[in-house]
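The values are calculated or read from the model by the stated rules, or taken from the named source; none is laboratory data. Because the structure is a prediction, the values reported are computed rather than measured. Counting neighbours? That spans all protein chains shown, and the Cβs are built from the backbone with ideal geometry, glycine included.
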Amino acid sequence: MLAWRLIQTTEFQRLRRIKQLGISDFVFPGATHSRFVHSIGVYHNARKLMNVIKKTEGEKFDKERADAILIAALLHDIGHGPFSHAFEEARMALARTRGKATIEKHEKFTAKLLLAEDGQIRKILDQHDTALAENIAKLFSAEDPVDIYHAVVSSSFDADRLDYLMRDRYMTGTEAGSIDYDWLIDNLDTYLVQVRQDDDDEPRSFPTFVFKSKGRQAAEDFLLARYRLYTQVYLHKTTRGFEKVITALIQNLGRELDNGSCAGIGLDDVHPLVTFLKPNGETINNYRDLDDVVFWGAVERLRYSSSKILRELSMRLWDRKRLEVLDVFAEIGHNPENLLNACRRLEEHTKTQLGKTVFKDEPSYNLYSRIGGESTKEHKMVRVRTPEGIKEITDFPDTVISKELMKKTRLTRYFFLSADDKDAARKVMDGR
């Protein structure tokens, strides 16, 4: 079986050593599940969703296309690095200090690992079909679904979302936001959405999943569960604080490497993390060698670094010593003018120490957005089929989904290495 052979590859087995939720187990001790188990769960969900398509397509069902999508679902996360999104943010911060505007994100590395001629995955895919690797790589770069099969891995209710919402909730022990998995699947349908960007434009069509009318309440629960996971788990202030420590550690290690030597910092020149973080070191071959285990090995050795800041940051990770957090929104409340004034005072007070001893965090989220503020694309909207036609889920007068939740919310938090620095900043924030 093709999927089974791909699971045995070095590239896929590497996902055993990358946690799905990065450093969230510092807050939720059960959150130790890996990208490996998540990817297999996504594959399982993709098969369930494909059965929905098979029923709606009937004799038009394209088995070859369906099989390619299932493999794409299985392999969708092979490009993640250690600590996943936290490592990506850290790399972006380091790139900015080096005068670069962008980095290659995990989606790009996923495509590279798929297409690498010397990789085990490419060899297996080519044995099955020489065009398969290229076709799957194109799926990951497509902006919108090109057919209903594509919606299995890119829609408001795709295989990825369905797995991480259920698995992350279970593994973190979060009780808020339950999902009725079987009822959701049973009440899925397909629909060709037509959208005009402007009044004069020709309508653009793309296929996606919609819910049957009797599945609306379960769909609302699905959205609320996702929202609660963001507010309670993914954006938890302690987790985000430790992610800032990882970012600062990567930045400071990169600065040391920019000076041209590893002497005294605690890592040798051939350590995989050093090799990757050196200028021009972000190659696919170097990326393959990175995982959470490699990173933690580096942290252990950096505790004895000659660099004071590298020692302190690595010891904070090693001993789980939290940063001191000042949550502006929680402290000030909802008044926009008070928030703006508080942020201005803090910005001025901390500007010389930002990224050194003070770290600012401004994640945004809403009902349809991921961290970082993904725009509300048409194929990401949740729709319901009614006797009157297709409706967006917030258009029902009795919906529990508030349109206020669709507005982007931005949190503003400052993290400090010392309690004294936090207390001083709070006084400045309050205008004292």
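Identify all residues within the stretch 378-415 that are in contact with a Gly (Cβ under 7 Å, 6 or more places away or on another chain) and outside any loop (DSSP other than H, G, I, E, B); write none if there are none.
The one that is in contact with a Gly (Cβ under 7 Å, 6 or more places away or on another chain) and outside any loop (DSSP other than H, G, I, E, B): Phe415.
Conditions (1) more than 19 Å from Met315 (Cα to Cα); (2) over 20 Å from the mean Cα position of the chain (by Cα); (3) surrounded by 15 or more Cβ atoms within 10 Å (Cβ to Cβ), marked per residue:
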| site | (1), (2), (3) |
| --- | --- |
| Pro203 | yes, yes, no |
| Thr208 | yes, yes, yes |
| Gly215 | yes, yes, yes |
| Lys237 | yes, no, yes |
| Leu267 | no, yes, yes |
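Listed here are the residues, each with its yes/no results for (1) surrounded by 16 or more Cβ atoms within 10 Å (Cβ to Cβ); (2) touching a strand residue (DSSP E or B) at 6+ places or on another chain (Cβ under 9 Å); (3) part of a loop (DSSP other than H, G, I, E, B).
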residue	(1), (2), (3)
Phe12	yes, no, no
Asp25	yes, yes, no
Asn45	yes, no, no
Asn51	no, no, no
Ala72	yes, no, no
Ile78	yes, no, yes
Ala93	yes, no, no
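Within the stretch 104-145, which residues are buried (at least 18 other Cβ atoms within 10 Å of the Cβ), touching a Lys or Arg at 6+ places or on another chain (Cβ under 8 Å) and part of a helix (DSSP H, G or I)?
Leu113, Leu114, Ala133, listed by residue number.
Restrict the check to the stretch 253-262 and report whether at least one residue is over 30 Å from Lys427 (Cα atoms), free of Cβ contacts under 8 Å to residues at least 12 places away in the same chain, acidic (Asp, Glu) and out of contact with any Phe, Trp or Tyr (no Cβ under 9 Å at 6 or more places or on another chain).
The answer is no, given that none of the residues of the stretch 253-262 is over 30 Å from Lys427 (Cα atoms), free of Cβ contacts under 8 Å to residues at least 12 places away in the same chain, acidic (Asp, Glu) and out of contact with any Phe, Trp or Tyr (no Cβ under 9 Å at 6 or more places or on another chain).
Which of the residues belonging to the stretch 162-184 are assigned to a loop (DSSP other than H, G, I, E, B) and in contact (Cβ under 8 Å) with a residue 60 or more places away in the chain?
Gly173, Thr174
Inspect all residues belonging to the stretch 82-89 and state whether any of them is of a type outside the set (A, V, I, L, M), touching a Pro at 6+ places or on another chain (Cβ under 8 Å) and part of a loop (DSSP other than H, G, I, E, B).
no
How many of the residues in the stretch 381-423 are of a type outside the set (Asp, Glu), surrounded by 13 or more Cβ atoms within 10 Å (Cβ to Cβ) and without any contact (Cβ under 8 Å) to a residue 24 or more places away in the chain?
Result for the stretch 381-423: 2.
Just the residues that are in contact with a helix residue (DSSP H, G or I) (Cβ under 8 Å, 6 or more places away or on another chain) and over 14 Å from Ser155 (Cβ atoms), please, taken from the stretch 208-233.
Passing the criteria: Gly215, Arg216, Ala218, Glu220, Ala225, Tyr227, Leu229, Val233.
Would you mind stating whether Arg35 is at pLDDT 95 or above and either among the acidic types (Asp, Glu) or in contact with a His (Cβ under 9 Å, 6 or more places away or on another chain) (or both)?
yes
For the stretch 238-252, state whether one or more residues are of a type outside the set (A, V, I, L, M, F, W, C) and over 30 Å from Arg167 (Cβ atoms).
So far as the stretch 238-252 goes, yes, one or more of its residues are of a type outside the set (A, V, I, L, M, F, W, C) and over 30 Å from Arg167 (Cβ atoms).
One residue is enough: does the stretch 338-352 have a residue meeting the conditions modelled with pLDDT of 90 or more, surrounded by 13 or more Cβ atoms within 10 Å (Cβ to Cβ) and not in a helix (DSSP H, G or I)?
Taking every residue of the stretch 338-352 in turn, none turns out to be modelled with pLDDT of 90 or more, surrounded by 13 or more Cβ atoms within 10 Å (Cβ to Cβ) and not in a helix (DSSP H, G or I).
For (1) hydrophobic (A, V, I, L, M, F, W, C); (2) on the phi < 0 side of the Ramachandran plot; (3) loosely packed, with under 15 Cβ neighbours inside 10 Å, each residue gets a yes or a no:
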residue	(1), (2), (3)
Gln251	no, yes, no
Ala263	yes, yes, yes
Val270	yes, yes, yes
Leu273	yes, yes, no
Ser305	no, yes, no
Gly333	no, no, yes
